[in-house]
């Protein structure tokens, strides 16, 4: 798997205000990013704003609020699918479903400076995302998701390792990723095809203490990357 020097984060936090106490996405992201700063891992968390049911105006307002939070903590902000909202909020990029407009079309709108992530569910999806010029992919589910019931068969460690070996761009593991599983996720992959990091929804948003959960995730990632 080739490196992308612009993909420097290790934990990709995906928002879901329905899982967030009080629905306050900006507050929960502030806590997570502050936790990263506290343990000396500033900039290691990126935020994907994924609130697919919000109309454009409230989504833009939330994106701008998160832009302020992310700037305070040197964190990247990507907006799910809505290129227009990402541009209006001066986000760092967009995250696209695999069946969305495609990285090549998004790049024409976003330019070269912004990041494009793609959700993938097979090695073939990853290859397609790389061909279209995506900067990174999220692959899953590796395990059954924490935040919702199984929506497709989990790939397991062997499936995830195979996806990483076939990838030419950074790959983040999604689905059932907890701190205690991070070591086995990394160890399942060859040294030449190490994961770029992990993505999380429920492991942080549904935790009793999201800041502590963030620290545990980041420390587990740091441990396997020594």
Taking only segment 1-20 into account, find how many residues are surrounded by fewer than 12 Cβ atoms within 10 Å (Cβ to Cβ) and either without any contact (Cβ under 8 Å) to a residue 60 or more places away in the chain or under 13 Å from residue 75 (Cβ atoms) (or both). 2
What is the residue count in segment 86-102 for residues that are at pLDDT 95 or above and more than 19 Å from residue 173 (Cβ to Cβ)? 9
With the requirement that a residue be touching a strand residue (DSSP E or B) at 6+ places or on another chain (Cβ under 8 Å) and not in a helix (DSSP H, G or I), what does segment 182-226 give you? 195, 196, 197, 198, 199, 200, 201
With touching a residue at least 24 places away in the same chain (Cβ under 8 Å), buried (at least 16 other Cβ atoms within 10 Å of the Cβ) and in a strand (DSSP E or B) as the only criterion, which of 126, 47, 116, 28 stands out? 47
When restricted to 106, 134, the only residue in contact with a strand residue (DSSP E or B) (Cβ under 6 Å, 6 or more places away or on another chain), part of a loop (DSSP other than H, G, I, E, B) and over 15 Å from residue 13 (Cα atoms) is 134
Count of segment 186-208 residues which are touching a helix residue (DSSP H, G or I) at 6+ places or on another chain (Cβ under 9 Å), surrounded by fewer than 24 Cβ atoms within 10 Å (Cβ to Cβ) and either within 17 Å of residue 37 (Cβ to Cβ) or without any contact (Cβ under 8 Å) to a residue 40 or more places away in the chain (or both): 6
So which of 34, 44 is in contact with a helix residue (DSSP H, G or I) (Cβ under 6 Å, 6 or more places away or on another chain) and under 18 Å from residue 217 (Cα atoms)? 44
Residue list for segment 146-178, filter: surrounded by fewer than 21 Cβ atoms within 10 Å (Cβ to Cβ) and in contact with a helix residue (DSSP H, G or I) (Cβ under 7 Å, 6 or more places away or on another chain): 146, 147, 157, 162, 165, 166, 168, 178
Would you mind stating whether residue 99 is out of contact with any helix residue (DSSP H, G or I) (no Cβ under 9 Å at 6 or more places or on another chain) and either assigned to a strand (DSSP E or B) or without any contact (Cβ under 8 Å) to a residue 12 or more places away in the chain (or both)? yes
Criterion first (free of Cβ contacts under 8 Å to residues at least 24 places away in the same chain and either in a strand (DSSP E or B) or under 29 Å from residue 128 (Cα atoms) (or both)) does residue 94 satisfy it? yes
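The values are calculated or read from the model by the stated rules, or taken from the named source; none is laboratory data. In this text the structure is predicted, and so the values were computed from the model without any measurement. No Cβ is skipped: glycine too gets one built from the backbone with ideal geometry, and neighbour counts run over all protein chains shown.
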